[in-house]
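Below is one structure, written out as structure tokens; the observations come after it.
Readers should treat all values here as calculations from the given coordinates under stated rules, not as data from a laboratory. This one's a predicted model, so the numbers in the text were calculated from it and none came from an experiment. With ideal geometry, Cβ positions are generated from the backbone for all residues, glycine too; neighbour counts draw on all protein chains shown.
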Amino acid sequence: MIEFKHISKSYDKKKKAVDDLTLTVNNGEIFGFLGPNGAGKSTTIHMLTGILDIDEGDVLLDGKSIKTDAIEAKKLLGYVADNPDMFIHLKGIEYLNFIADIYGVENRKERIEELTKRFEVYDVLNNRISSYSHGMRQKMMICGALLSNPNNWVLDEPMTGLDPRSSYDLKEMMRAHADQGKTVFFSTHVLDVAEKICDRVGVINHGKLLFVGTLQEMKETFSEDTSLEQLFLEITEHDEAD
């Protein structure tokens, strides 16, 4: 479970990038976090993962505070960033062993083989990540995030750069993870993906959470018989008008 408790963040002490956001992502659900560019999605995720300090409020992962118990909280999440260009001077196997060391993964050999074969990067594990294509780097970051089988998956635009097979596999794994009573929190610009796999969605714009609920609840609140894309545009355009 992921609990955002009145979190706020400002970069210039004037305008808040995230403004008093409160949200609970329940065990057993895939939660889609939607919003235009600059809406506050990545800032929210960076506070959730401890990359950014929280100005106000707190985030709890399975009851552990990212502010006061950061190490224990971070053990409970696996994070895929929106940019896979990290640790590029390491070989793939070196990167995964590094992650396994940090998280204390005991069955690392089996987990590395299972994940890298599923995402078709097993044969390049001894190559440097700098030699990988963007899609292959994304796959390697996903393998690293899932290596310790954490309770909470935090995925920032995880489908970017993935081929159709890997994208399908990741969506299947997300569903299986949630069905085990665990949590998937992911941001996406691909609204049809959110429409197909999310149990609930949240819409953020200008740092404010505008809607949280199921697609059916969104339709009942705004417009029946329309797509998530049209609903998203209606919600954010209404916010702009306000």
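Just need the relative contact order of the stretch 15-140 here, percent rounded to a whole number, with Cα pairs under 8 Å and 6+ apart.
18 percent
Give the calculated FRET efficiency between Asn27 and Ser130 to the nearest 0.05, with a Förster radius of 45 Å applied to their Cβ-Cβ distance. It would help to have the intermediate numbers written out before the result.
Numbers: r = 38 Å, r/R0 = 0.85.
E(calc), rounded to 0.05, equals 0.75.
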Radius 9 Å from Cβ of Ile45, net charge of other residues (Lys, Arg +1; Asp, Glu -1): -1
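Once you keep just the Cα pairs under 8 angstrom separated by 6 or more residues, what percentage relative contact order results for the stretch 67-223? Before the final figure, lay out the partial values.
Numbers: 183 pairs, mean separation 37.7, N = 157.
RCO, the stretch 67-223: 24 percent.
Taking the square root of 5 times each eigenvalue of the Cα gyration tensor, what semi-axes in Å does the equivalent ellipsoid of the stretch 1-92 have, largest first?
On the way: eigenvalues 88, 66, 41 Å².
Rounded to whole Å, the semi-axes are 21, 18, 14.
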Amide H partners (placed H, <5 Å) of Asn205, local residues excluded: Leu210
Hz values of 3J(HN,Hα) by residue in the stretch 115-120 - Karplus curve (6.51, -1.76, 1.60), Gly and Pro given as x: 6, 6, 6, 5, 9, 6
Amide H within-cut-off set for Ala17, under 5 Å, with H built and near neighbours excluded: Lys9, Ser10, Tyr11
Helical mean residue ellipticity (222 nm; -39500 (n - 2.57) per DSSP H run of 4+; nearest 500) of the chain: -11500 deg cm²/dmol
Total formal charge among the other residues, if their Cβ is under 10 angstrom from that of Leu61, Lys/Arg +1 and Asp/Glu -1: -1
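Beyond 31 Å between alpha-carbons counts as too far, so tell me which of Lys9/Lys117; Lys75/Lys171; Lys75/Lys196 fall in that bin.
Details: Lys9/Lys117 40 Å; Lys75/Lys171 23 Å; Lys75/Lys196 29 Å.
Checking Cα-Cα distances, Lys9/Lys117 exceed 31 Å.
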Sites Ser65 and Asp123 - FRET efficiency at Förster radius 51 Å, r taken between beta-carbons, to 0.05: 0.80
Distance between the stretch 166-238 and the stretch 41-83 - C-alpha centres, whole angstrom: 21 Å
Cβ crowding within 10 Å averaged over residues, with 139-148, 4-13, 94-103, 182-191 ranked highest first: 139-148, 182-191, 94-103, 4-13
Cut-off 13 Å between beta-carbons: net charge of the residues surrounding Arg128, Lys and Arg +1, Asp and Glu -1: 0
Value of Rg/Rh across the chain [Cα atoms, Kirkwood radius]: 0.97
